Structure formats: structure tokens, C-alpha cells
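Notes follow the structure.
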Amino acid sequence: MPQATRDGVSIYYEHERSDGDGRAPVVFVQGLGFGRWMWRWQREAVADEYDVIAPDNRGTGRSDVGLPPLVP
């Protein structure tokens, strides 16, 4: 499962590779409270030409909810 972890909190993301010519990837970042599913149609529209990276915001989808303590 692709994820990035920092301070004990994991953020899930999907990285879909295209058959394109090595162009820079498109990163879909959604508003607070929404997950990667919000961009489904847009991701499908560009997937043939661009690599697509779509993370779940913290607390949505497969990403962790937890916040690290402010003071250890």
C-alpha cells in the first residue's frame, strides 16, 4: 500500500503511471474533508497522457486520523 509516514501519521496515496512520454505528473489535491475519490473523472481524463498522484487527506479514505502531540 503506497503511503508516506511522518511523525507516526500515514497518508495514503495512489500513483497511476501512464503510457505518456515522461511528462511531469499531475497531482490532485482536494479540499479539507475530501479524499482522492473526489477527482475520479478528472483522473480518468488525463490518465493516458500523464502520471497521476492522488492522496487522501488526513482523516479521509485510507489515511490516518491521528495528530502527533504538540509537546512531546
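The values are calculated or read from the model by the stated rules, or taken from the named source; none is laboratory data. Just so you know, these numbers come straight off a predicted model, no measurement behind them. For accessibility, only protein heavy atoms count, side chains too; no ligands or nucleic acids. Shrake-Rupley method; radii C 1.70, N 1.55, O 1.52, S 1.80 Å.
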Based on the Kirkwood radius over alpha-carbon pairs, what is the Stokes-Einstein translational diffusion coefficient of the chain at 25 °C with 0.890 mPa s viscosity, in µm²/s?
187 µm²/s
In Å², rounded to a whole number, the accessible area per residue of segment 12-70 with probe 1.4 Å is 70 Å²
Net length gained if the chain between Ser10 and Phe34 were fully extended (0.36 nm per residue, minus Cα distance)
7.0 nm
Using amide H atoms built 1.01 Å from N in the peptide plane, name the residues 5+ places from Gly59, or on other chains, whose amide H lies under 5 Å from its own.
Asp64, Val65
Distant-in-sequence amide H partners of Val9 (H built 1.01 Å from N, under 5 Å)
none
